[in-house]
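The values are calculated or read from the model by the stated rules, or taken from the named source; none is laboratory data. Since we're looking at a predicted model, the values are computed, not measured. Note that we place each Cβ from the backbone using ideal geometry, even for glycine, and neighbour counts take in every protein chain shown.
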Amino acid sequence: MPSLMELTRAGSIATAAASARSAFALAEVKWNLVAAAGGVFRLPRVVGRPVAVDVMLTGTPLPAERAVTLRLVSRLAGVGADVRELARQVATEVAGNAPVAVRLTRKSVEIADTQAWGLCDELVDEVGESADTADE
């Protein structure tokens with residue numbers, strides 16, 4: 001489970017299945033480790049400090065339903081639904097958008113908030129000058 005939580009936070013969009021087996025954790029403290037693959041700084045940004053500290057210090061898994069309410073997961077496949085199909089649908093939706101704008105939007109999300117504002121003008125210019133804009 002630790003790698004799932006960190007992979008979820010490192011990615012752009014996270015989907016999960018609504019099942020008793022679907023849960024997310026940063027359980028490194030149970031093995032005398034630190035969630036050093038990004039969990040220690042990414043999780044608090046998403047779910048807030050109190051929840052993140054609780055999850056990281058107890059190692060207790062979050063059920064998928066709670067992960068959605070905490071914004072750790074953006075979409076939840078219904079009970080019995082194929083989560084892979086949901087992920088494919090989301091990927092298809094993203095792929096249908098302008099590639100340069102998608103790439104630059106994702107890039108801006110991954111930069112620390114203080115750096116993102118300065119980058120916005122550059123992103124607008126680059127998108128405006130791209131071949132994607134010329135196609136419209």
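Looking only at the range 29-84, filter to residues that are over 17 Å from the mean Cα position of the chain (by Cα) and acidic (Asp, Glu); which one of those is nearest to residue 17 (Cα to Cα)?
82
State which residue is modelled with the highest pLDDT when the search covers only the range 8-39 and only residues that are surrounded by fewer than 16 Cβ atoms within 10 Å (Cβ to Cβ) and not in a loop (DSSP other than H, G, I, E, B).
30
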